[in-house]
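Q: Could you have a look at this structure, given as structure tokens, before my questions?
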Amino acid sequence: MAEAHYAQFAPHLYAGPIEAAANIQLSASLPNFLILESIETFDGFFNDLLNTPIQWEEGYVTVPDAPGLGFELNEDLADANPYTTEAVFPPMAEVPI
């Protein structure tokens, strides 16, 4: 629908590495893709949650060619770090990070 109206596509990232994997695959398939939102370069715990980390090359995300979304969740690490709070979203920072 956006392409038919000459609107560019820039997916929002709010839920973690599996959503990032879906955004990468979807964005790679759209001719009206503009920019991919990321949390820095998806490093640290974010990338540890994937068995194969998201790769960057000269400021661009490399689209994986593995089956499905191209990534597998590190289930052992996810199980070892459950989200235990009742808050749906983490609190906002008082000052910009």
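Q: Which residue, of Leu13, Leu30, is part of a loop (DSSP other than H, G, I, E, B) and over 26 Å from Ile97 (Cβ atoms)? Give the steps one after another, and end with the answer.
A: On the way: Leu13 fails: over 26 Å from Ile97 (Cβ atoms).
Just a single option satisfies the conditions, and that option is Leu30.
Q: Only one of these conditions is not met by Ile24: (1) among the aliphatic types (A, V, I, L, M); (2) in a helix (DSSP H, G or I); (3) closer than 23 Å to Pro91 by Cβ. Which number is it?
A: (3)
Q: From the list Pro64, Pro82, which one is in contact (Cβ under 8 Å) with a residue 40 or more places away in the chain and in a loop (DSSP other than H, G, I, E, B)?
A: From the options Pro64, Pro82, the qualifying one is Pro64.
Q: Of the residues that sit in region 27-42 and are in contact with a Pro (Cβ under 8 Å, 6 or more places away or on another chain) and either free of Cβ contacts under 8 Å to residues at least 24 places away in the same chain or not aliphatic (A, V, I, L, M) (or both), which one is surrounded by the fewest Cβ atoms within 10 Å (Cβ to Cβ)?
A: Of everything passing the filter in region 27-42, Glu37 is surrounded by the fewest Cβ atoms within 10 Å (Cβ to Cβ).
Q: Which count do you get for residues in region 65-95 that are exposed (fewer than 10 other Cβ atoms within 10 Å of the Cβ), modelled with pLDDT of 90 or more and either of a type in the set (Asp, Glu) or touching a helix residue (DSSP H, G or I) at 6+ places or on another chain (Cβ under 8 Å) (or both)?
A: The number of residues fulfilling the criteria is 3.
Q: Further question: For region 67-79: of the residues being outside any helix (DSSP H, G or I) and not acidic (Asp, Glu), which is nearest to Ala22 (Cα to Cα)? Quick ask: steps written out before the conclusion?
A: First, the residues of region 67-79 that are outside any helix (DSSP H, G or I): 67-74.
Narrowing the set further to residues that are not acidic (Asp, Glu) leaves 67-71, 73-74.
Values: Pro67: 12, Gly68: 9, Leu69: 6, Gly70: 9, Phe71: 9, Leu73: 13, Asn74: 16 Å.
Ranking the candidates gives Leu69 first.
The values are calculated or read from the model by the stated rules, or taken from the named source; none is laboratory data. In this text, all values refer to a predicted model and were calculated from it rather than measured experimentally. Note: ideal-geometry Cβ built from the backbone for every residue, glycine included; neighbour counts use all protein chains shown.
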